[in-house]
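The values are calculated or read from the model by the stated rules, or taken from the named source; none is laboratory data. Every value quoted in this text rests on a predicted model; they were computed, and no experiment measured them. In this analysis, Cβ positions are derived from the backbone assuming ideal geometry, glycine residues included, and neighbour counts consider all displayed protein chains.
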Amino acid sequence: MKQKNICGYRILGVLGKGGQGTVYLAQHEVLHRKYALKYAYGAERARLRQEAAVMKELTDRRIPYLVDQIEDEEVSVLVMEYVEGTNLKEYLKGRVPMEEDEALAVLQQMTEIVAYLHAQKGIVAHRDLKPENFVMARDGSLHLLDFGTALTGIESLRHKDLCGTPGYASPEQMNRGRSGTESDVYALGAVYAYLLTGIDPTLPPFHPPIPEECPEGVSDESRDFLRKALHPAPEMRPQDAGRLLQEIEKIQKRKKHLLSGVENFAYQTVLLIDVFVASVLVWLRYREMPAEWGECVCGGITILLLIWHILRTVLGPKERFVIAREWNVTYTSKEMWGL
C-alpha cells in the first residue's frame with residue numbers, strides 16, 4: 001500500500017484481501033475510533049462504487065453501516081463500521097459437525113439477515129454468502145460483511161457474470177447465469193450442510209454435501225430442507241430468504257412438538273404407574289396385609305408428579321394473546337410538520 005494515512009484515517013493493519021479489494025483496519029486521527037477501510041484500484045473502483053450504492057440504503061444493525069466514500073485520482077475507499085469479533089469460518093473450526101439444534105440456530109441468524117436484504121424495495125442479492133463473510137460479535141450475534149458482489153433485483157437480471165465462491169455458489173452462478181435471491185438460498189443451504197456434516201464444500205469436488213451424507217441423528221425434516229435449498233434448478237428452491245426462514249421455523253416447531261409429545265407420554269406413563277401402585281395399596285389394606293413399602297413408593301411418585309406438574313405449568317409455553325397488530329396511518333399531500 002502506498003499511503004499510511006488518507007483523509008484523517010491512520011492505517012493499523014490488514015483485515016482481509018479478496019477479489020473485490022483489500023480491507024484495512026484504520027483509526028480516525030481525531031475521534032480515535034476504529035473503522036474498516038476498503039480500497040480498490042483501477043477497474044475494481046467501479047465495483048466499489050456499486051457496493052457503496054447498495055450499502056448506503058441498508059440500516060439493519062447486523063450489517064456494517066457506511067461512514068464515508070473517498071475518491072482521489074488513483075484509489076476509491078469505503079469507510080465502514082468495524083465489527084469487532086471472530087470470523088465465522090475461524091469460529092467454526094473444531095466446532096463442526098454441530099448438533100442439529102445448534103446448527104439450526106446459527107443458520108437462523110444468517111437467514112434473518114439475508115431475509116432483510118431480500119425484503120428491501122430493490123431486493124438486494126448478496127451473491128457471495130459463506131462463513132468467511134460473517135463475523136460473530138462478542139455478544140454472539142452474527143454480522144454480514146462484504147457486499148462487493150451484491151446487486152439489486154433489477155441489476156441482477158442484467159448481469160450474467162461468474163461470481164461467488166465454488167462450493168457455496170449456486171450452479172447458475174458457476175455457469176454465468178442470472179443469479180439472484182434464489183442463489184443466496186442455495187448458499188445458505190450449503191452452509192447448513194457444512195454445519196451438519198463438517199464437510200467443507202470449498203474443497204474438491206467443490207460442492208456441498210448431500211443430505212445422505214448427514215449424520216444419523218439429523219432429522220428427516222433437515223434432510224428435506226437441504227434437498228429444497230440445494231436443488232440444482234433455481235425455480236425449485238424457496239425463492240428468497242424469507243421463505244427459507246419459514247422452512248426453518250417449521251423444522252423448529254416439529255422438533256418442539258416431538259419433544260413435547262415424548263414428555264407428555266412420559267408424564268402419562270408415570271401417572272398410570274402411580275394409579276396402579278395406589279390400587280394395589282387399597283387392595284392390600286382391604287386384605288389386611290402389610291403395605292409400608294407400597295406407601296413409600298406411591299408417596300414418592302405422587303411427590304414427583306406434583307413437582308413435575310408445577311414445572312410444566314410454570315416453565316411451559318405460554319399462549320400469546322396479541323398475535324398481530326396493525327397500524328393505520330393516513331398520509332396526505334399537504335405540507336406540514338409531523339404526521
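Write out, first by first residue and then by second, each pair whose Cβ atoms fall under 8 Å of each other, whose residues are 6+ apart or on separate chains, and whose first residue, in the range 203-218, is at negative phi while the second is among the β-branched types (Val, Ile, Thr) and not in a loop (DSSP other than H, G, I, E, B).
PRO209/THR197; GLU213/THR197; CYS214/THR197; PRO215/THR197
What's the number of the only condition in (1) crowded, with 20+ Cβ neighbours inside 10 Å; (2) assigned to a strand (DSSP E or B) that LEU12 fails to meet?
That leaves (1) as the condition not met.
If I ask for residues that are of a type in the set (A, V, I, L, M), at pLDDT 90 or above and farther than 14 Å from LEU145 by Cα, which ones from the range 1-24 would you list?
The answer is ILE11, LEU12, VAL14.
Quick check, is ASP146 in contact with a helix residue (DSSP H, G or I) (Cβ under 7 Å, 6 or more places away or on another chain), farther than 23 Å from GLU249 by Cα, touching a residue at least 12 places away in the same chain (Cβ under 8 Å) and not in a strand (DSSP E or B)?
Yes; evaluated as a whole, the condition is true for this residue.
Does LEU151 satisfy the condition of being buried (at least 22 other Cβ atoms within 10 Å of the Cβ) and either modelled with pLDDT of 95 or more or under 18 Å from the mean Cα position of the chain (by Cα) (or both)?
No, not satisfied.
Is it true that some residue in the range 109-124 is assigned to a helix (DSSP H, G or I), within 28 Å of LYS253 (Cβ to Cβ) and touching a Ser or Thr at 6+ places or on another chain (Cβ under 8 Å)? Working first, answer last.
Let us first name the residues in the range 109-124 that are assigned to a helix (DSSP H, G or I), namely 109-118.
Now restrict to residues that are within 28 Å of LYS253 (Cβ to Cβ): 109-118.
Of the ones still in play, those that are also touching a Ser or Thr at 6+ places or on another chain (Cβ under 8 Å) are 109, 118.
Among the residues of the range 109-124, at least one is assigned to a helix (DSSP H, G or I), within 28 Å of LYS253 (Cβ to Cβ) and touching a Ser or Thr at 6+ places or on another chain (Cβ under 8 Å), which makes the answer yes.
Across the range 172-212, which residue is farthest from LEU244 (Cα to Cα) among those that are of a type in the set (A, V, I, L, M) and assigned to a loop (DSSP other than H, G, I, E, B)?
Taking the candidates together, the pick is LEU203.
Report the residue count in the range 224-236 for those that are surrounded by 18 or more Cβ atoms within 10 Å (Cβ to Cβ) and of a type in the set (Gly, Ala, Ser).
1
Kindly evaluate ALA52 against the criterion of being surrounded by fewer than 16 Cβ atoms within 10 Å (Cβ to Cβ), within 21 Å of THR152 (Cα to Cα) and touching a strand residue (DSSP E or B) at 6+ places or on another chain (Cβ under 9 Å).
no
Quick check on this structure: which one of GLN239, GLN246 is under 15 Å from the mean Cα position of the chain (by Cα) and either in a helix (DSSP H, G or I) or surrounded by 15 or more Cβ atoms within 10 Å (Cβ to Cβ) (or both)?
GLN246
Restricting to the range 213-223, give me the number of residues that are in a loop (DSSP other than H, G, I, E, B) and surrounded by 15 or more Cβ atoms within 10 Å (Cβ to Cβ).
Going through the range 213-223, the residues in a loop (DSSP other than H, G, I, E, B) turn out to be 214-219.
Among the residues that remain, those that are also surrounded by 15 or more Cβ atoms within 10 Å (Cβ to Cβ) are: 214, 218-219.
Residues in the range 213-223 being in a loop (DSSP other than H, G, I, E, B) and surrounded by 15 or more Cβ atoms within 10 Å (Cβ to Cβ): 3 in total.
Based on what the data block shows, is THR197 more than 19 Å from the chain's Cα centre (by Cα), among the hydroxyl-bearing types (Ser, Thr, Tyr) and in the same structural domain as LYS130 (by TED's automatic domain parsing)?
No: the conditions fail for THR197.
Looking at the range 172-208 only, could you name the residues that are surrounded by 21 or more Cβ atoms within 10 Å (Cβ to Cβ), of a type outside the set (A, V, I, L, M) and farther than 27 Å from LYS121 by Cα?
TYR192, TYR194, THR197, PRO201, PRO208, listed by residue number.
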